[in-house]
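Beneath this line is the structure, given in structure tokens, with notes to follow.
The values are calculated or read from the model by the stated rules, or taken from the named source; none is laboratory data. None of the values given here were measured: they were computed from a predicted structure. Cβ atoms come from the backbone with ideal geometry, glycine included; neighbour counts cover every protein chain shown. Please note that ligands, DNA and RNA were not included when accessible areas were found on the heavy atoms of the full protein model with its side chains. Shrake-Rupley method; radii C 1.70, N 1.55, O 1.52, S 1.80 Å.
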Amino acid sequence: MAILKLYSSSVTACTRRTATVLHELKIPFELIEVDVLSGAHKTPEFLKFQPFGQVPYIDDDGFILYESRAICRYVAAKHPHSGLIPTDPKAIALFEQATSIELTNFEPSAGKAGLPFYLKKLGWRDDLEDVPANLEILDKKLDAYEVILSKQRYLAGDTLTLADLFHLPYAGFVSLGSDIMTRPNRPNVARWYNELVARPAWLAYQDGVKTTTEY
């Protein structure tokens, strides 16, 4: 079987999310670098496979899929032994609840606060004007996270799932310029966050995603 191909920029948030999950699952992949700064993701050739002109997309032996969370769900479903997607109906419901929390209650403010810090680190942008307002929103959201995580180890229960890993890009990026994820008034959020960012799959690509064929 052909190696999975990941078409993206090595430094984008969604690429990091996808590569982290691939690493967790020990799935070999080849990164096909897409130069987003030059607009390569907006070319007619790229749009044949990703009509929105966004990264990443994958080619898994001819199967084309885009949207990072969809990609992560697909590869995790192919490896059910990992437990990253539950199989028990109640566990599935709690997992779906947790993934919805990440998408609607975390990413909007964490992305708008964290991405400017990350882009500044890359030297691509130096505008932090909107960061304080979004950190304020995120701070209130994390109070609810503290309630949840005071009762269980992870967001969907006591087992790591994709719902936790989906947080990593922006949780990590926001910490480039703020201590919001590790404040002492939220010890369970800090515990959860510190465990996630210490995972080898996240650390493997701290200098950018790269082709990975051996684990």
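Collect the residues in the range 77-136 that are of a type in the set (S, T, N, Q) and under 23 Å from Leu160 (Cβ atoms), keeping them in residue-number order.
Of all residues in the range 77-136, those of a type in the set (S, T, N, Q) come to 82, 87, 97, 99-100, 104-105, 109, 134.
Listed by number, the residues that qualify are Ser82, Thr87, Gln97, Thr99, Ser100, Thr104, Asn105.
Could you check the range 165-215 and list, in sequence order, the residues that are among the β-branched types (Val, Ile, Thr), within 17 Å of Ala113 (Cβ to Cβ) and open to solvent by 10 Å² or more (accessible area, probe 1.4 Å)? Give the steps one after another, and end with the answer.
We begin by selecting, within the range 165-215, every residue among the β-branched types (Val, Ile, Thr); these are 174, 180, 182, 189, 197, 209, 211-213.
Remaining after also requiring within 17 Å of Ala113 (Cβ to Cβ): 174, 180, 182, 189, 197.
Listed by number, the residues that qualify are Thr182, Val197.
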Close pairs (8 angstrom Cβ cut-off, 6 or more residues apart or separate chains): without any contact (Cβ under 8 Å) to a residue 60 or more places away in the chain in the range 12-23, open to solvent by 10 Å² or more (accessible area, probe 1.4 Å) and part of a helix (DSSP H, G or I) anywhere: Thr12/Val36
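One line per residue, one yes/no per condition, for (1) over 29 Å from Lys26 (Cα atoms); (2) part of a helix (DSSP H, G or I):
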site: Ala113; (1), (2): yes, yes
site: Leu135; (1), (2): yes, yes
site: Val147; (1), (2): yes, yes
site: Tyr170; (1), (2): no, yes
site: Gly177; (1), (2): yes, no
site: Ala201; (1), (2): no, yes
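Restricting attention to the range 60-100, and to residues there that are acidic (Asp, Glu) and open to solvent by 40 Å² or more (accessible area, probe 1.4 Å), which single residue is nearest to Pro28 (Cα to Cα)?
Our first condition is that a residue be acidic (Asp, Glu); within the range 60-100, this holds for 60-61, 67, 88, 96.
Remaining after also requiring open to solvent by 40 Å² or more (accessible area, probe 1.4 Å): 61, 67, 88, 96.
Numbers: Asp61: 13, Glu67: 19, Asp88: 28, Glu96: 27 Å.
Within the range 60-100, the match that is nearest to Pro28 (Cα to Cα) is Asp61.
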Qualifying positions in the range 136-186 - in contact with a Ser or Thr (Cβ under 6 Å, 6 or more places away or on another chain), over 18 Å from Trp202 (Cα atoms) and not β-branched (Val, Ile, Thr): Leu138
Looking only at the range 1-54, filter to residues that are open to solvent by less than 30 Å² (accessible area, probe 1.4 Å) and basic (Lys, Arg); which one of those is farthest from Gly123 (Cα to Cα)? Arg17
Gln152 versus (1) open to solvent by less than 10 Å² (accessible area, probe 1.4 Å); (2) closer than 28 Å to Ala93 by Cβ: which is the lone unmet condition? (1)
Can you tell me which of (1) modelled with pLDDT under 95; (2) in contact with a Phe, Trp or Tyr (Cβ under 6 Å, 6 or more places away or on another chain) is the one Tyr7 doesn't meet? (1)
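Looking at Ser68, Ser109, Ser82, can you tell me which residue is within 19 Å of Arg153 (Cα to Cα) and of a type in the set (S, T, N, Q)?
On the way: Ser68 fails: within 19 Å of Arg153 (Cα to Cα); Ser109 fails: within 19 Å of Arg153 (Cα to Cα).
Only one candidate passes the filter, namely Ser82.
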